[in-house]
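J.: Please see the structure below; I have some questions.
The values are calculated or read from the model by the stated rules, or taken from the named source; none is laboratory data. Owing to the predicted nature of the structure, the values given are computational and were not obtained by experimental measurement. Glycine gets a Cβ as well: all are built from the backbone with ideal geometry, and neighbour counts include every protein chain shown.
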Amino acid sequence: MVRSMRAQPESSSDDETASDDETAIASLVAGFEHFRPIGAGSRSTVYSATQLQMGRPVAIKVVDTALLSDVDRRAFERECRAMGVLSRHPNIVTVYSDALTFDGRACLVMELYHENYRDLLSTRGPLALDELLLVGVKVAGALQAAHDSGVLHRDIKPHNIFVSDFGEPALGDFGISWMDDERVAMADSGLSVAYAAPEVIEDSDTSFLSDVYSLAATLHHLAAGHPPFAGGTLDGIIRRIMSEEPPLLVRDDVPASLCELLRRGLSKSPEERPDSAGDFAESLRDICVETGLDASKVPLRRSERASVSAASSADAAPSTGHDDITVAAAAVGLEEHDPPAESVRTPKRPARIGVDVAILVVVVGLVVYAVLGLT
């Protein structure tokens, strides 16, 4: 959980304290300079910095507590490996490396983003329908990739969907899951409670479908400008999440199919939600088609894309040509522009070419013999 930090006027004593803090951090993490705090949570602090060897800006998340036991260290290493795998997805924040400070604190070195969707909401208001749908498709696809790797996000909200310099959404701040038991309580802010599924609040049977709920709550926020159960005290928000039906999204340009999908995603019972984040993404793609928008493809691993292609083409009429080659290539793990060898067509030769040549030679010989005989 990271809260945005806004620059505020500071006294000279504050400047000295900040300078001391920066010096302390710089001495803890070798190879980086120009540290500046950009976010803080209950258990970690995020800094922007420059990586000296690569000369690139990065974000460094430093866990506030030390990894005192071997169990903690192994859990941190497992989390880093999982994040390294997820970083290949185009809509997940890239993690460059991990580190431990000399006093045993964990660090993650990540791609630096300058804006998230909470910032966009505060400056622009709710998203336009086309942007809402495409962000939803891409983030749901990223979430499915995490689930396929066995990783729950646990804290999906507009604050944790970042915007790249090229305008692409990137799901970040998966946190360090073995340290996330206190995320829901969050007595210091209550920010994530508004996006937490009922079973998470009850601390029972948290699953991938809990992330689906949080994604639906986040998209409701991006569409309406506020979470589905916004307002009032923290206890009041929790009571409404646990007992009230999700409010219907009301916007003139939002189709009924999207309102119904978000309502399903916010169901109290996990069994009534979309079956997976991937299923949620495909439903959003269908709504894109319904509304005449350019349907964004869900970025999936090749084997998963082959399964989706096979399923979507099961009811279609048989076709020939390059479309068949594309499906076959995906099924065997080839690049789509490299068709299988047996599908490459070559010009057919005559079946009896050898016999034809022999006959021609005989005929020519007879002609020559006849001419010579006449002379």
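Residue by residue, here is whether (1) within 20 Å of the chain's Cα centre (by Cα); (2) closer than 27 Å to Asp148 by Cβ; (3) buried (at least 19 other Cβ atoms within 10 Å of the Cβ); (4) not assigned by TED's automatic domain parsing to the domain that holds Leu132 holds:
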site: Gly231; (1), (2), (3), (4): no, no, no, no
site: Val254; (1), (2), (3), (4): no, no, yes, no
site: Glu271; (1), (2), (3), (4): no, yes, no, no
site: Ser283; (1), (2), (3), (4): yes, yes, yes, no
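J.: Among the residues of region 145-175, what is the count of those that are in a helix (DSSP H, G or I) and under 16 Å from Leu219 (Cα atoms)?
T.: The qualifying residues number 3.
J.: Only one of Pro246, Pro227 is surrounded by fewer than 22 Cβ atoms within 10 Å (Cβ to Cβ) and in contact with a Phe, Trp or Tyr (Cβ under 7 Å, 6 or more places away or on another chain); which?
T.: Every option except Pro227 fails the conditions.
J.: Could you grab the pairs with beta carbons closer than 7 Å, sequence gap of 6+ or different chains, first residue in region 184-208 and more than 17 Å from Leu152 (Cβ to Cβ) and buried (at least 16 other Cβ atoms within 10 Å of the Cβ), second one of a type in the set (Lys, Arg) and modelled with pLDDT under 80?
T.: Pairs found: none.
J.: Could you pull out the residue among Val29, Val58 that is modelled with pLDDT of 85 or more and either surrounded by 20 or more Cβ atoms within 10 Å (Cβ to Cβ) or in contact with a Phe, Trp or Tyr (Cβ under 9 Å, 6 or more places away or on another chain) (or both)?
T.: Criteria check complete, one pass: Val58.
J.: Another question about this same structure. Does Leu127 fit the bill of being surrounded by 17 or more Cβ atoms within 10 Å (Cβ to Cβ) and assigned to a helix (DSSP H, G or I)?
T.: no
J.: Same structure, new question: Here are some conditions: (1) modelled with pLDDT under 95; (2) farther than 18 Å from Ala140 by Cα. Val289 meets all but one. Which one does it not meet?
T.: (2)
J.: Looking for whichever is at pLDDT 80 or above and assigned to a helix (DSSP H, G or I) here; the options are Gly84, Gly39. Which one fits?
T.: Among Gly84, Gly39, only Gly84 is at pLDDT 80 or above and assigned to a helix (DSSP H, G or I).
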